[in-house]
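A short worksheet on the structure shown next.
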Amino acid sequence: SCDPRSPLPVGRAIVLRTGSDLTFVATGETVVHALLAAEFLGRERELACGVISMPCLRPFDHAALAHAAKNSRAVITCEEHSVHGGLGEACASSLLQAGLHPRFRIVGIPDEYTVTGAQADIFRHYGLSLEGLRAAALACVDD
């Protein structure tokens, strides 16, 4: 969770872009990659891609996620974290409990021994780079 003394709004998502085709929900270092992927997909495929930064997972901003899910065909979460117990599962739980069922993908670190190296190499390996998020987005909207 976030420090309440920080300038970030505790428990509030930061909507950086809105998009009717898909919304990336990202946290931490992955936010910039989600923004780059959203911009690239807009130019390359004319997809309207939103980006939400979730600086805090607890308390969780259910309302911001629900609004994005109601106004986008797909939601893709991205985090430099395990796909178990993080942002992706929090979003999945929130969406299901709200009765919302957009196309949905979690991009993160799978349940395995992680690779080591430079952050750019690790992001590329796990699909957290612009290219990886682009591929996840196209697979999600083309389903």
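Just the number, please: carbon plus sulfur as a percent of the accessible area of segment 3-129, 1.4 Å probe, no ligands or DNA/RNA counted. Before the final figure, lay out each step's value.
On the way: 3580 of 6640 Å².
Roughly 54 percent of what the probe reaches on segment 3-129 is carbon or sulfur.
Tell me, rounded to the nearest percent, the portion of alpha carbon pairs in segment 22-65 spaced more than 11 Å apart.
Roughly 64 percent, once rounded to a whole number.
Taking K and R as +1 and D and E as -1, what net charge do the other residues with C-beta under 11 Å from the C-beta of GLN119 add up to? Intermediate values should be presented prior to the final figure.
Numbers: positive: ARG124; negative: GLU29, GLU80, ASP121.
Net of charged neighbours comes to -2.
What does the helix-only formula give at 222 nm for the chain: each DSSP H stretch with n ≥ 4 adding -39500 (n - 2.57), the total divided by the residues, and the result rounded to the nearest 500 deg cm²/dmol? Let's see the in-between values first.
Details: 5 runs with 56 residues, N = 143.
Mean residue ellipticity at 222 nm (helix-derived): -12000 deg cm²/dmol.
Which peptide among 35-44, 17-26 comes first, and what is the full order, when sorted by highest mean count of other Cβ atoms within 10 Å? Write down the numbers at each step before the final one.
Numbers: 35-44: 17.7, 17-26: 22.9.
In decreasing order of mean packing, 35-44, 17-26 become 17-26, 35-44.
Give me Rg/Rg_expected for the chain, where Rg uses Cα atoms only and Rg_expected = 2.2 N^0.38 Å with N residues. Can you show the working numbers first?
On the way: Rg = 14.2 Å, N = 143, 2.2 N^0.38 = 14.5 Å.
Rounded to two decimals, the normalised Rg is 0.98.
The values are calculated or read from the model by the stated rules, or taken from the named source; none is laboratory data. Fair warning: this is a prediction, and the values are worked out from it, not measured in the lab. Cβ atoms come from the backbone with ideal geometry, glycine included; neighbour counts cover every protein chain shown. Accessible surface is based on the protein model in full, side chains and every heavy atom, while ligands, DNA and RNA are left aside. Shrake-Rupley method; radii C 1.70, N 1.55, O 1.52, S 1.80 Å.
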